[in-house]
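The values are calculated or read from the model by the stated rules, or taken from the named source; none is laboratory data. Bear in mind that the values here come from a model prediction, so they are computed numbers and not experimental data. Cβ placement follows ideal geometry from the backbone for every residue including glycine, while neighbour counts extend to all protein chains displayed. For accessibility, only protein heavy atoms count, side chains too; no ligands or nucleic acids. Shrake-Rupley method; radii C 1.70, N 1.55, O 1.52, S 1.80 Å.
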There are 2 protein chains.
Amino acid sequence: MKLASLRDGTRDGQLVVVTDDLSRYTPAGAVAGTLQAALDNWAAAEPGLADLADRLLLGQIEGMEFDEEACLSPLPRAYQWADGSAYVNHVQLVRQARGAVLPESFWTDPLMYQGGSDSFIGPREAIPLVNEAWGLDFEAEVAVVTDDVPMGVSEEAAAGHIKLIMLVNDVSLRGLIPGELGKGFGFFQSKPSSSFSPVAVTPDALGEAWDGGKITLPMRVDYNGEIFGRPRCDVDMTFEFPRLIAHAARTRPLAAGTVIGSGTVSNRDVDGGAGRPVKEGGVGYSCIAEIRMIETIADGKPSTPFMRIGDRVRIEMRDDKDNSIFGAIDQTAVQYVRNRSE
Amino acid sequence: MKLASLRDGTRDGQLVVVTDDLSRYTPAGAVAGTLQAALDNWAAAEPGLADLADRLLLGQIEGMEFDEEACLSPLPRAYQWADGSAYVNHVQLVRQARGAVLPESFWTDPLMYQGGSDSFIGPREAIPLVNEAWGLDFEAEVAVVTDDVPMGVSEEAAAGHIKLIMLVNDVSLRGLIPGELGKGFGFFQSKPSSSFSPVAVTPDALGEAWDGGKITLPMRVDYNGEIFGRPRCDVDMTFEFPRLIAHAARTRPLAAGTVIGSGTVSNRDVDGGAGRPVKEGGVGYSCIAEIRMIETIADGKPSTPFMRIGDRVRIEMRDDKDNSIFGAIDQTAVQYVRNRSE
């Protein structure tokens, strides 16, 4: 089953059920008006939503043409967005580029930060940027949405709390990160609003592409119309989603609609070294920071700039028949000008 | 105007309007069913809520007896909880106790962390604790709730976005903080669910106790039945709320219902040194960590333990007639035992 939230002038959008091939949709208002409402009562809502999906597939409901451009993020605002850093290779590269050692514990204890969840950007909406010097970057990630998770949940039980899966562009302002992390309280201004894929997908709808803990397909990242990254989501993922959920729930419960991210998908090269660019036969990258680290390690300084006004990133995933699974996040950086009266 | 969310079996509770003396209430469902719904459309909801408050005051609505025990946090779950650290004296003491220098920039650039907002505890609910070694502590703070705040808002304009004011117990697990901050991504497990005061109050209802940027009254913290702290909220507050809001909104908009915290209220002693305990004639503290720092600075080691099972904290504020303004947060630490089947 695939779900989306269509732009309708409300804060949470209109919940719709979408066909697996992303061609048609039908409103889900008879079951739940919004995705949060469905998640608040998932056990009751899920059969009704699945029934709509079945009838849409069988043609018993005609449905309407689905347009990814009309989508908000599936949860346009959420009560929690907690982003892990499960691909430790990414973290190791960041550290290596600045000559810092990766603590051994990073391989056994997940990194996770609390992200802002009140105002996500739609998958096809522009990314507003005040200042190019802030170092705008994308990060292609996978995220899961949970139902209510009890405090202290085990890793085994956590897997059963994964109700939906999405893609994310975890928008980052690299220029603000060093100063902010130096203050010791984690990210805040350096992590502005993220965007999520047009549709959220149930684990069963992924079939064999979901192994219970992670997706077994490559992430597809294109940048300014060129292939930028094709790293596999099931390679070098040190912490799978059930582990990330258990980490998040160690000292408090997680409310229904909690979104947990994987962190930037990142693969080592086949020889175990730092991943190579696609042009050099590697799988490439899910963020600009990573290619800049490779450049820094190789040449002493980065040569790929961060996103400038007009630059465009597209994040997608395809099944083994080359069909888009989640629809595409496709975003361009635009100049933001504050209304001085505000 | 004072608002509360009463426990009714739903996730968001029932929005009610409460008399200024906290004696009676009337349901607000005809205007908005939940506080988030009111904040989503505050300009339209506020007059209707104010009208209910007027009629309740005049006796045109009889109302029912208000019971603080029946309250959830005013926003039982929120889309954002961002906590500042505006009383830099508190931060300086933490650093001093561990022999670290406070960066000069901390006096000009606010510290703020993104907190978990999906599952707040009610003001009279117990604090579940798995392990006393985690170092359970309270932090008495003031928080404001905003309507929609545009990205890049000025400090001047930010003041007008403050719609409600509450007290907070920002529950902290001190034993988990050093390890977590050492990883560089900020707090996560070390900041479990917070609690908020029984009622949220509009700025105008505070009268002269609200100066547009901060509260001009003492915080009252009692611990295990004894006076623990009476620090003034308007003393040593380096960053006032409009500044904290502008800081939070620098790179992204804030959605209606955003909660911004002041950080632990903390006053220097009258001679400019570290604050003294109440028993020694000082204004005392808003958290256990601070008295432990004073003890460490004086004696080389702390003597006051963190909260143990059964310990109880009460956080309140009174007006110049000694009436409770927000109702009281009053919480006891209880042993949490995970259901092993979960």
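Table for the structure above
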quantity: Pairs, first within 7 Å of another protein chain (Cβ to nearest Cβ) and assigned to a loop (DSSP other than H, G, I, E, B) in region B:179-192, second of a type outside the set (D, E) and open to solvent by 20 Å² or more (accessible area, probe 1.4 Å), C-beta under 6 Å, six or more apart; calculated: B:G184/A:L181; B:G186/A:F185; B:Q189/A:R250; B:Q189/B:L176
quantity: Among the candidates A:R24, A:R98, A:R7, residue that is out of contact with any Phe, Trp or Tyr (no Cβ under 9 Å at 6 or more places or on another chain), open to solvent by 40 Å² or more (accessible area, probe 1.4 Å), of a type outside the set (S, T, Y) and in contact (Cβ under 8 Å) with a residue 24 or more places away in the chain; calculated: A:R7
quantity: Enumeration of residues in region B:92-114 that are modelled with pLDDT of 85 or more, within 16 Å of B:R268 (Cα to Cα) and within 12 Å of chain A (Cβ to nearest Cβ); calculated: B:L102
quantity: Selection count where residues are open to solvent by 30 Å² or more (accessible area, probe 1.4 Å) and within 14 Å of chain B (Cβ to nearest Cβ), scope region A:151-175; calculated: 7
quantity: Complete set of residues in region A:54-76 that are buried (at least 23 other Cβ atoms within 10 Å of the Cβ) and touching a helix residue (DSSP H, G or I) at 6+ places or on another chain (Cβ under 9 Å); calculated: A:P74, A:L75, A:P76
quantity: Region B:76-91, residues that are of a type outside the set (F, W, Y) and within 14 Å of chain A (Cβ to nearest Cβ); calculated: B:P76, B:R77, B:A78, B:Q80, B:A82, B:D83, B:G84, B:S85, B:A86, B:V88, B:H90, B:V91
quantity: Residue list for region A:115-150, restricted to those being within 9 Å of another protein chain (Cβ to nearest Cβ), in contact with an Asp or Glu (Cβ under 9 Å, 6 or more places away or on another chain) and open to solvent by less than 10 Å² (accessible area, probe 1.4 Å); calculated: A:G115, A:S117, A:V149
quantity: Residue check for A:I227: closer than 21 Å to A:F138 by Cβ, in a strand (DSSP E or B), touching a residue at least 12 places away in the same chain (Cβ under 8 Å) and more than 14 Å from chain B (Cβ to nearest Cβ); calculated: yes
quantity: Near pairs, Cβ below 6 angstrom, 6+ apart or cross-chain, from region A:131-158 (within 11 Å of A:R174 (Cβ to Cβ)) to any residue that is among the small types (G, A, S); calculated: A:A133/A:G175; A:W134/A:G175; A:G135/A:G175; A:L136/A:A333; A:D137/A:S172; A:D137/A:A289; A:E139/A:S172
